[in-house]
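Just so it is clear, none of the values below were taken in a lab; they were calculated from the coordinates. Given the structure is predicted, the values throughout are model-derived calculations rather than measurements. Positions of Cβ are generated from backbone atoms using ideal geometry, with glycine treated the same way; all protein chains shown enter the neighbour counts.
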Amino acid sequence: QNQFLEYNSFFRQMRRVNHPKTDPKTGRQVDDYSEIVATGFNGPVYYEKRSGLMQVAYPIFEDQKVDPQGGVERRKEFSKLIVQGDKPLIATAIVNRMWGYFMGYGFTRPVDDMGPHNPASHPDLLNKMAEELVKKDYDLKQLARWICNSEAYNLTSQYSRNNEIDSPERGETPLFSHMYVKNMTAEQLYDSLIVATGAHKSGQSNWERAEAQRRQWMNQFMVAFDNDSGDDSTTFNGTIPQALMMMNGELTKNAISAERGSYLNQLLTEKGNDQAKIRKMFLSTLSRYPDRREINSAQRLIGGSPNKLAAYQDLYWALLNSNEFVFNH
């Protein structure tokens, strides 16, 4: 507890101020942003121990103390302290988190639990990347390039006989012998729907209305993605509210709409036969063309339906709700 409050003491000179904005007609929050403001705080932090005694916590990091009465900006001093030395722990933590962000799993599980009690799966690689990051003056763009250009990142997500035991989702240590299928975050999934379908443009005649509708949908989307503990859920993991939102929500309804401004409206008004339109639909949603079996199935669906528009909408709905669209693979 004392170490936590020593770290906490570095941040006592600031506080967060929230600026929520509500709609005066509905009373609902429509926008929110926060800012950090200075408090003018000086001196150490005092807290009460369980015994009832008062304890003092000075701004200390790794046995290096900052004068609490020195009139310095403690957060800046803290930032200097955490990057000191040839092998600062912050570099290792950054590499581990960035690797976990791109690969689905970090070198430790969980990604924020590092230490002798929880050794890294690939310590040599982790340490080497941390050393190079320090040499590059913590250039995060360069770190992202290293990871995205690595052989591990560019592997297929398909299993083979040689890597079928590499299943960290079953609790195994990740070997990174293939790319792991990752859940999209709520924001990523929303943006994917927007890019693939133009849902925020459907039926909208001006930019302001379209943007207002987008904000409203995003708020509803995040509410549907809240988890049981009341925190914002960051991934689409197939809970019942999430599944219902994807299947029947207003966003999906507008995504498969054929109203002016939507992708489906644009597709159906273009010249070309059903096969050409099916290929474009697959490309817009799954970033690939359909194989022969998929084309045949889609053509049977559309050709055998008395309502061709409804058939196209059913196909579009199925693609948008498929695992291939929802998951990052």
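Phi angles across the stretch 163-173 convert, under the Karplus curve 6.51 cos²θ - 1.76 cosθ + 1.60 with θ = phi - 60°, into 3J(HN,Hα) values of 10, 5, 7, 7, 10, x, 5, 9, x, 6, 5 Hz, Gly and Pro given as x. With axes computed from alpha carbons, what is the tilt in degrees of helix 186-197 against the longest principal axis of the chain, rounded to the nearest 10 within 0 to 90? For helix 186-197, the angle is close to 30 degrees. Per residue, the convex hull spanned by the alpha carbons of the chain comes to 221 Å³. Taken over the stretch 89-170, the alpha-carbon convex hull comes to 102 cubic angstrom per residue. Residues LYS280, LYS76, ranked from the fewest to the most other C-beta atoms within 10 Å, line up as LYS76, LYS280. The alpha carbons of the stretch 1-139 stretch over 53, 48, 34 Å along the principal axes, in descending order. Computed from backbone phi, the HN-Hα couplings of the stretch 138-144 come to 6, 7, 5, 5, 5, 4, 4 Hz, rounded to whole numbers (Karplus: 6.51 cos²θ - 1.76 cosθ + 1.60, θ = phi - 60°; Gly and Pro given as x).
The angle between the Cα long axis of helix 207-224 and the main principal axis of the chain comes to about 70°, on a 0 to 90 degree scale.
Bridging of LYS277 to aspartates and glutamates at a Cα separation below 15 Å is possible for ASP291, GLU294, ASP314, once same-chain residues fewer than 8 apart are set aside.
To the nearest 10 degrees, how steeply does helix 292-303 sit against the main Cα axis of the chain, on a 0 to 90 scale? Computed tilt is about 60 degrees.
For the stretch 22-38 and the stretch 249-314, what is the separation of their C-alpha centers, rounded to whole Å? With the stretch 22-38 and the stretch 249-314 each reduced to a Cα centre, they are spaced 39 Å. Here LYS271 is the anchor, and the lysines within straight C-alpha reach of less than 30 Å, apart from those fewer than 8 places off in the same chain, are LYS201, LYS253, LYS280, LYS308.
Straight-line cross-link reach from LYS136 at under 17 Å between alpha-carbon atoms covers these aspartates and glutamates, not counting any fewer than eight positions away in the same chain: ASP86. For the residue pairs LYS87/LYS135; LYS80/LYS135; LYS80/LYS128, alpha carbon separations beyond 18 Å are given by LYS80/LYS128.
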